[in-house]
Amino acid sequence: MSVKITGFDEVRSKLKKVTDAAQNLHGEHQVSVTDLLTESFIRKHTSLQSAQELFDNSGFKIDSAEDFKAIPDADWDSYISSVSSFNNWQDMLRSATAEYVKKKMGL
């Protein structure tokens with residue numbers, strides 16, 4: 001008695017796509033905060049609708065990268081913990097980065 005196993009072509013194709021995506025992600029990359037903080041990510045982890053709303057509602061003047069860098073870390077962390085499911089900004093960025101990588105890899 002023998003058993004015919006099928007479906008390996010589909011698995012091989014998926015593995016090839018994941019491998020290709022992993023190779024594209026290898027090394028250092030510059031990814032904007034708005035690419036990480038997608039609308040779906042913000043909606044999932046806050047009561048807000050977008051990264052822009054997150055920044056606009058912060059009470060801080062954020063018109064440039066320099067403005068953002070000038071915000072005291074403790075104040076920004078406090079804001080993030082008050083509007084999201086994260087304890088601080090770094091936790092939010094780590095989670096957003098993980099979701100970004102998973103999406104890029106097709107997982």
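Nothing in this text is a laboratory measurement; each read-out follows from the coordinates by a stated rule. All of these numbers come straight from a predicted model, not from anything done at the bench. Reconstructed Cβ throughout: ideal geometry from the backbone, glycine too, with neighbour counts over all protein chains shown.
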Original post:
Asp67 versus Ser47, label points 7 Å from Cα toward the beta carbon: distance in nm?
Top reply: 2.5
Original post:
If the cut-off is 18 Å between C-alpha atoms, which aspartates and glutamates fall inside it for Lys102, apart from same-chain ones fewer than 8 positions away?
Top reply: Asp20, Glu28, Asp35, Glu39, Asp91
